[in-house]
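Colleague: Take a look at the following structure, please.
The values are calculated or read from the model by the stated rules, or taken from the named source; none is laboratory data. All of these numbers come straight from a predicted model, not from anything done at the bench. Cβ placement follows ideal geometry from the backbone for every residue including glycine, while neighbour counts extend to all protein chains displayed. The area values use the complete protein model at the heavy-atom level, side chains included, leaving out ligands, DNA and RNA. Shrake-Rupley method; radii C 1.70, N 1.55, O 1.52, S 1.80 Å.
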Amino acid sequence: MFKQSKIVSALAVAGVTLFGAQAAYAQIVKIDGSSTVYPITEAVAEEFQKAKKNSIKVTVGISGTGGGFKKFCRDETDLQNASRPITAKEMADCKAAGVDYVEMPVAYDALTVVINPKNTFLKQATVEELKKLWEPAAQGTVMKWSQVNPAWPDAPVKLFGAGADSGTFEYFTEAIVGKAKSSRGDYTASEDDNVLVQGVSRDVNAIGYFGYAYYAENMARLKGLPIVNPKTGKAVEPSGANVENGTYVPLSRPIFVYVKAKSLQKPEIREFVEFYMKNADKLIREVKYVPLPKAAYEGNIKHAKDGKIGTVFGGKNEVGITVEEIMKREAKM
């Protein structure tokens, strides 16, 4: 009888312990996706957890925009960081899984082309020169700088860029080559921008591209390449000011967070989203991106409360669109 009661007591304690462990981790906000948006969401997550005294846990992964959407549309995450809008295929995948979402623009990014600081010949680049370097036809053929521009040296080009699951890859190829995902394949690719930073910083003949925050964090190791504005013919440096004044084109872009509608039914997710939007301006400046107008964040909070689901892009990316234009559109699934 004593032995049986001991077992029952042990099971009861185990049950309480298990319940306690589950309760401790019951409030978790799961986020994945874009490495470009990661610095913003990670900064928000840190401040939110401090404010909540760690009663709510926030996890932020980096699978790239495409990789993150795969998880999001499989109903594995609550929020999705995205450096471009959701695609038609991803919309279909989410719909098939019964995943509805609220689309929220959160910041502007100056997608930045970087070179090694010891590179002395490259002062600027045109869209045409970048296209000649990155288009599919360049694979295995355009291997030296002089093949892009005869004024440049007869030295080997070392290319570093975003991986195929990255929204930055899709935006860059569309803005520079003219078609999303249209790129040469013989380059060092990674969804982790820190890998690209390392590569370019170690090779004098290297060139790469990624979100502005990673350049801003590594200015001592990299040089941001001015891009010639196709409309004005003037070379413009990547910077927050040049994104705001509209001169850094075509590589300025809005970046996003998508929130699962079902997750918004949980108090901790609603709290996190509201905290994100109310603190976005300050934290976005801290990680060197450009905040949106206050009305955009207020609109995001309202859309979450009203359950305004869907996307305003219809499954297609758009180069050069402003947040003001986005805010005028109606979201659709």
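Colleague: Run the simple label-point estimate for residue 266 and residue 306 please: 7 Å along Cα→C-beta, distance reported in nm.
Modeller: 2.6
Colleague: Related question: Between residue 325 and residue 151, how high is the FRET efficiency from 1/(1 + (r/R0)^6) when r is the Cβ-Cβ distance and R₀ = 41 Å? Nearest 0.05.
Modeller: Using R0 = 41 Å, I get an efficiency of 0.60.
Colleague: 7 Å from Cα along Cα→Cβ at both residue 220 and residue 139: what's the point-to-point distance in nm?
Modeller: 3.9
Colleague: Checking the cross-link filter: which aspartates and glutamates have an alpha carbon closer than 17 Å to that of residue 95, excluding same-chain neighbours under 8 positions apart?
Modeller: 75, 76, 78, 103
Colleague: While we're looking at this one, here's another question. With +1 assigned to the C-beta of every Lys and Arg and -1 to the C-beta of every Asp and Glu, and no other charges, what is the dipole magnitude of the chain about the Cα centre in debye, to the nearest 20?
Modeller: Dipole size: approximately 480 debye.
Colleague: Is any helix in the chain, taking whole DSSP H runs, at least 24 angstrom long along its axis by alpha carbon and on average at least 0.0 on the Kyte-Doolittle scale, and which ones?
Modeller: Helices passing the filter in the chain: 2-24.
Colleague: Measure out, as a whole number of angstrom, how far apart the alpha-carbon centroids of segment 179-243 and segment 20-96 sit.
Modeller: Between the Cα centre of segment 179-243 and that of segment 20-96, the gap is 26 Å.
Colleague: Kindly report the accessible area of the chain per residue (heavy atoms of protein chains, probe 1.4 Å, no ligands, DNA or RNA), in Å².
Modeller: 46
Colleague: Here's another thing I want to ask about it. Percent of accessible area on segment 78-224 owned by carbon and sulfur, 1.4 Å probe?
Modeller: Result for segment 78-224: 51 percent of the exposed heavy-atom area is carbon or sulfur.
Colleague: What value, in deg cm²/dmol to 500, does the helix sum -39500 (n - 2.57) over DSSP H runs of n ≥ 4 give at 222 nm once divided by the residues of the chain?
Modeller: -11500 deg cm²/dmol
Colleague: Taking the mean number of other Cβ atoms within 10 Å as a proxy for protection, how do you rank 293-302, 204-213 from highest to lowest?
Modeller: Ranked from most to least packed, the peptides come out as 204-213, 293-302.
Colleague: First measure r as the distance between the Cβ atoms of residue 55 and residue 241, then evaluate 1/(1 + (r/R0)^6) with R0 = 45 Å and state the FRET efficiency to the nearest 0.05.
Modeller: After rounding, the FRET efficiency stands at 0.70.
Colleague: If I model segment 43-160 as equal point scatterers sitting on the Cα atoms and use the Debye formula, what is log10 I(q)/I(0) at q = 0.16 Å⁻¹?
Modeller: Scattering profile of segment 43-160, log10 relative to I(0): -0.91.
Colleague: Among (1) 57, 46, 46; (2) 91, 48, 36; (3) 61, 43, 41, only one was calculated for this model; which label is it, if the read-out is Cα extents along the principal axes in Å?
Modeller: (2)
Colleague: Moving on to the next point. Given the peptides 233-245, 122-134, arrange them by the average over their residues of other C-beta atoms within 10 Å, most packed first.
Modeller: The packing order, highest mean first, is 122-134, 233-245.
Colleague: Let me ask another. Work out the length of the dipole vector of segment 214-333 about its Cα centre, built from +1 on the beta-carbon of each Lys and Arg and -1 on the beta-carbon of each Asp and Glu, and round it to the nearest 20 debye.
Modeller: 240
Colleague: Spin-label point model (7 Å from Cα, Cβ direction): what's the residue 74 to residue 298 distance in nm?
Modeller: 4.1
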